[in-house]
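Participant: The structure that follows is given in the form of structure tokens.
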Amino acid sequence: MTAGIDTLWAPWRLGYVQGQDRGTPPEPVEPAAWRAGAVHDCFLCRAAAADPGDDRPLGVVARTPLSLVVTNRFPYSNGHLLVAPLDHRASLADLCPEQLLDLQTCLVRWCGVMQEAMHAHGFNIGLNVGAVAGAGLPGHLHWHIVPRWPGDVNFMPTVAGARVLPQSLDSLWEQLVAAGAVGTPPTTRPASAHGDAGPSR
Ligand SMILES: [Zn+2]
């Protein structure tokens with residue numbers, strides 16, 4: 001055992017890792033029109049192009065004009081979300097400043113939603129760029145948000161079976177969409193280090 005490294009068990013990911021299931025939605029949703037540059041076998045491009053009425057089967061919990069937030073069908077933990085640009089882009093350098101800002105704003109917002117709705121105590125947030133870095137979908141950038149709770153390293157093997165059920169993901173989708181609709185401030189701006197005394201009189 002390596003000191004200082006937590007192991008977050010996710011045995012239900014084995015089929016995905018072994019290539020038995022690469023993430024095709026159970027009910028294929030055919031968009032009426034694809035975005036320019038979309039890759040048709042990319043599930044993020046498919047979700048980006050789909051009608052919002054199909055958000056539930058696709059696991060899309062939020063859309064902005066530039067980004068989308070989807071549940072990961074092979075989660076490391078309950079609440080594992082992916083935040084991606086609508087455009088099929090493999091490199092950070094291919095994103096414009098507006099996309100980068102919108103993606104970061106989505107990360108902040110959905111961490112806030114999960115803190116409120118799921119009482120997440122912390123998050124692992126990560127981005128794998130390129131297949132060599134472990135990206136499962138190297139052509140379309142996506143940030144992972146993995147919510148964490150005290151002790152989840154220990155109890156997860158015990159409850160693992162409950163996390164692979166499609167109903168669990170569907171229930172998660174319902175919970176997050178409802179929580180997101182209530183609205184969580186995208187960011188809470190801390191008082192400025194230079195003094196933020198509020199509106200002057
Ligand atoms: Zn794509």
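Participant: Taking the range 111-143, which residues are within 16 Å of the ligand (Cβ to nearest atom) and modelled with pLDDT under 95?
Facilitator: Matches in the range 111-143: LEU127, ASN128, VAL129, GLY130, ALA131, ALA135, GLY136, LEU137, PRO138, GLY139.
Participant: Report, by residue number, each residue of the range 72-101 that is more than 15 Å from the chain's Cα centre (by Cα), in a loop (DSSP other than H, G, I, E, B) and away from the ligand (no atom under 14 Å from the Cβ).
Facilitator: CYS96
Participant: Here are the criteria: (1) within 30 Å of ASP152 (Cβ to Cβ); (2) touching a residue at least 24 places away in the same chain (Cβ under 8 Å); (3) buried (at least 21 other Cβ atoms within 10 Å of the Cβ). Tell me which single one ALA47 does not satisfy.
Facilitator: In the conditions (1) within 30 Å of ASP152 (Cβ to Cβ); (2) touching a residue at least 24 places away in the same chain (Cβ under 8 Å); (3) buried (at least 21 other Cβ atoms within 10 Å of the Cβ), ALA47 misses (2) alone.
Participant: Yes or no: SER67 small (Gly, Ala, Ser) and closer than 26 Å to GLU30 by Cα?
Facilitator: Values: small (Gly, Ala, Ser): yes; closer than 26 Å to GLU30 by Cα: yes.
Judged against the criteria, SER67 is a match.
Participant: A further question follows. Return only the number of the condition from (1) out of contact with any Pro (no Cβ under 9 Å at 6 or more places or on another chain); (2) modelled with pLDDT under 95 that GLY59 does not satisfy.
Facilitator: (1)
Participant: Just need a number here: residues in the range 34-58 that are farther than 10 Å from LEU86 by Cβ, near the ligand (Cβ under 8 Å from one of its atoms) and outside any helix (DSSP H, G or I).
Facilitator: Residues flagged as farther than 10 Å from LEU86 by Cβ, near the ligand (Cβ under 8 Å from one of its atoms) and outside any helix (DSSP H, G or I) within the range 34-58 amount to 2.
Participant: Write out, first by first residue and then by second, each pair whose Cβ atoms fall under 6 Å of each other, whose residues are 6+ apart or on separate chains, and whose first residue, in the range 133-152, is under 17 Å from LEU103 (Cα atoms) while the second is part of a strand (DSSP E or B) and hydrophobic (A, V, I, L, M, F, W, C).
Facilitator: Once the first residue is under 17 Å from LEU103 (Cα atoms) and sits in the range 133-152, its partners that are part of a strand (DSSP E or B) and hydrophobic (A, V, I, L, M, F, W, C) give HIS142/LEU82; HIS142/ALA84; TRP143/VAL83; TRP143/LEU127; ILE145/LEU81; ILE145/PHE123; ILE145/ILE125.
The values are calculated or read from the model by the stated rules, or taken from the named source; none is laboratory data. Please read these numbers as outputs of a predicted model, since none were measured by experiment. In this analysis, Cβ positions are derived from the backbone assuming ideal geometry, glycine residues included, and neighbour counts consider all displayed protein chains.
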